[in-house]
Structures are given as C-alpha cells and as structure tokens.
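Step one of this worksheet: look at the structure below.
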C-alpha cells in the first residue's frame, strides 16, 4: 500500500506515475480501479474494439487468460501472482507484446504493472533465429540442406555405440559440375548441386544417411547393407546422376564416381582422412578413365589409318607380284633379270606379311574358332615358337591345375605366343629365362571395373627378365611401327598384332614393366560358356581398373 506522510511527496509520486513509460494500475477484485496512469490507456485503447476503456480491469482480462480465476485462487494475502508474463495482443493493424506483473498488496487490493515489450520481443526473436540458424549451419549445408561433415561425424559416433552394427561409407564425387559452372555461371552450378542432392536423397532412401562433405563431394552412411546391396546402391547412384539435369532450359550431364569404405571402428574413425583418401582415389580413377578413353580413341584412329594404308599398299603391290610371276613363267627375261624378279617377289611376300600384320591390328576379323584345352594349345604354340627364338633363351612353363576350355583360333593363339616370346627374347639380349604361366582367373567386379566383360577368364602370362620399359614407352607399345630397336631390326608390329588378336578373342591385355625390372604381359581370355565352374580359381578384384581394352597397369593379385 502506498503511504505518504507529506502532500509534497504524494504530488511527486503522482507526477512520476503519470510520466513513467509503464502502465500502473491499482484495482480491486470486483473490478473497481483505484488508480491508473495514462500509459495504461495509451497501451490498451488501440487494442480494444472501438477503443472502449470504460472498464480497465475487464480490458486487461481480454489479453490475460483466466485473470479472474488466477486472482481469486491466489492463496496469500500478499505476494506476486504473475511476474512479467508475456501476452500477444492483436487488433489490426496493431500487434504488440505485453508484459504483465500483478502483485497482491492486501486482502482486497492488487497492483498491475504493464509494459510494452514488442521491440524487446522482436530482438529476442531475431537473436533466437540467428542462434538457430548458426546451430543449423553447424550441422547442415546451407545450399543443399543436407547434413554436413559435423552431423555425419555425430552419426558415425552414434553408429559405434550400436552393438553389432557395421556402418559403411559410400563416397561420391560428381564429375562435370565445374565445367558447367565455368560455362553457365555459379548460379547454374548451385542449382545443379541442389538437384544432385535431391536425387541422392531419393536413391539412399530413409534408412541411409546422406551428407555433403563440400564442393562436389557427397557421402552416404549405410547401415546393415551387405556386399550385394552396396553394389546395387552404387549402380543406382551412378544411374540416377547420369540422367540429364534440366538447368536453365538446357540439359546438363554429369557423372558420379563412387568409392565404398567399410568403417570397422566408428568411434576412432577419421572421417576427413578417409574422405581425402577416397576422393584422391576417385580423382585418380577418373583421370585414368579419361586417359584410357583417349588411348582407345587414338588406337581406333591408328587402326583406321593403318587399315587404309595397308589397303592402298596392297592394291599397288598386287599387280607388281602378278607381273613378276608372269615374266618368270613366260621366260621373257634372262637369268640375271630373273634373279631381280625373284628379289621382287621375295620383297612382295615380306610386304604382304607386314600388311597382314597391319590388318590384324586394324580390323579384328572373325576367324574360325574351336573350343580347345588351353594347356594343349599352349604346348603346341610353344613348340612352334621354340624354333624362332635362340637356344640361349630358356622358356619355363607353369600350368596351374586343370584350366577350363576356351574358344580361340589356334593360329591366332600361336601368333600371340610367338610375338610375345620374340619380344621377350629381344628384351633380354637373346639370353635368359622367360616364364609362361597359365591358370583360371575369376574377376570380382568392384568400383569402376567396367573393363570386365565376364567373370571367368583363362589368364596367360609371359614374364621376362629383360631391360623393362619406362612409362613413355609403355604408353606407345601398341602403336603400329613403334619400336625401340635399331633401324632394320624390327618392324614395330609385334605387339600391335597381339593387341588386334586379343581384341578378336574378346580378351584383355595388360603390360606391367619398369626399367631394369623386366616386363609382364597378361592376357585374359574368356572361358568358354560351357566350361564347368571350378573351386579354388585365382581371384582378382578390379577396383579402379580403367575401362579400356588395352591397359598399362597389370590386373594382378600377387604383385608380379
């Protein structure tokens, strides 16, 4: 209760109540208002229908729910009933936030303090939104609205606490986005990334967790997925991303490179280290595939060119040989002239052999094939080749068990063996040892092993201990007429012919070589379809092998 001993003090207090920027009101429970300052009317009148403030207490009750009940049920003769409780009051166009404090001063009297805290409430709202946005940005990517690395790390840690759970990370690098950004601007690139994120969400499904690591790198955290399910997920990712994106009324095409990394210990897993390693491998794989495609196109161009050259030379050579033979048969030349004609015919035959080699490289044809035992046809081929290589070259043959049958042309197979052994002998200076191995080979597709056409192959290897080759030489060994031998000691058609014959067999040829370390030539020939499956065959996972028919990396599982 307000108690003033002096009238001057009462006047001062009254003046203060009239100018203070808060509403003050003293009232009784029956609604009688004993004291009210102008600020109450200033705050409440705009919020009341027709500005009716005839009953101030009733007007306050419009904004404070259950005011009568709360006051009547307050059990004490004095004390605070409510403290700075906020209520939203709306009477268009006015929208304010009122803070109400009510204090009981005796058995019958109450004092209400009313404040307009609209500005303060707006500041608090903006601050809360800013905090929420900062918190959201801490765990989510603002562009794609996917979880970010921090959120992924939390999920990984959570996975580590789930008994028996073995999570797997599927890293995804999108190739082609940068080029689109350079051509059409960053806005188009951002729209593309948003659509990529949407497709990844759909492919991953609700059971898997998709996040963006940054740039064009994404990752999917998978749980409880076996190898087959992971392979299927990888295929669906690549299929979804390969479909054209409609950006700025034009189709944009990108591709997804995928790497799968099991997480054995989620609690101590270094996400960024694993991501960096995976992305590095993906970039290397992408570069390797681009190099492979360029190499394939170059070989095709060389093949077409060599085929045309061989055809033209053959057209000019044929009448020379025919006319020379007719002159010899008709005895129209003397003995000395006949010797010249014999030389012409001999050169013609050698040129025909070169042309045949060019055609074998440039136009893999359809030769008559038969289903053969690889060990048998290898033995026959080695007997023929043995006569063409020096006696100082020792050939050691290793055949692993029973090798399934293959469908090949015997002559073509023998030509391959002859050319490879001839090259090996030359690389060793025509003395030394050559290993020829033969075994069944199972290829397990993994990652981007698009080179694989079938899972079962017969693997033929020719391993020499010669001078080896550097990378620059390896990149050109299958080019027609390329040779490291002195002029006159080689035509440069040995390996190109092998390349063409292997293509004809729908096989795969690889070379592995280093200077001073010798050379390993590996040829994979598809097993004949009727060959029975065998247990214990050699296996190789072709993760990261580039998609081309001729590689300079060996498909190897034993490091040889």
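The values are calculated or read from the model by the stated rules, or taken from the named source; none is laboratory data. Everything numeric in this text was worked out from a predicted model, so none of it was measured. When we count neighbours, we look across all protein chains shown, and the Cβ atoms used for this are built from the backbone with ideal geometry, even at glycine.
General remarks:
- Residue list for segment 1-22, filter: at pLDDT 65 or above, surrounded by 12 or more Cβ atoms within 10 Å (Cβ to Cβ) and either touching a helix residue (DSSP H, G or I) at 6+ places or on another chain (Cβ under 9 Å) or closer than 16 Å to residue 114 by Cβ (or both): 17, 20, 22
- Subset of segment 138-153 [assigned to a helix (DSSP H, G or I) and free of Cβ contacts under 8 Å to residues at least 24 places away in the same chain]: 138, 139, 150
- Those helices (runs of 4 or more DSSP H) lying entirely in segment 23-91 with at least 1 residues in contact with a strand residue (DSSP E or B) (Cβ under 7 Å, 6 or more places away or on another chain) and under 23 Å from residue 118 (Cβ atoms): 38-44, 56-61
- Conditions (1) at pLDDT 90 or above; (2) more than 26 Å from residue 373 (Cα to Cα): number failed by residue 429: (1)
- Segment 18-33 residues that are touching a residue at least 12 places away in the same chain (Cβ under 8 Å), paired with ones that are part of a loop (DSSP other than H, G, I, E, B) and surrounded by 12 or more Cβ atoms within 10 Å (Cβ to Cβ) (beta carbon under 6 Å, 6 or more apart): 18/37; 24/37; 28/108
- Set side by side, the residues 510, 540 differ, and just one is buried (at least 19 other Cβ atoms within 10 Å of the Cβ), part of a strand (DSSP E or B), in contact with a strand residue (DSSP E or B) (Cβ under 9 Å, 6 or more places away or on another chain) and at pLDDT below 85, which is 540.
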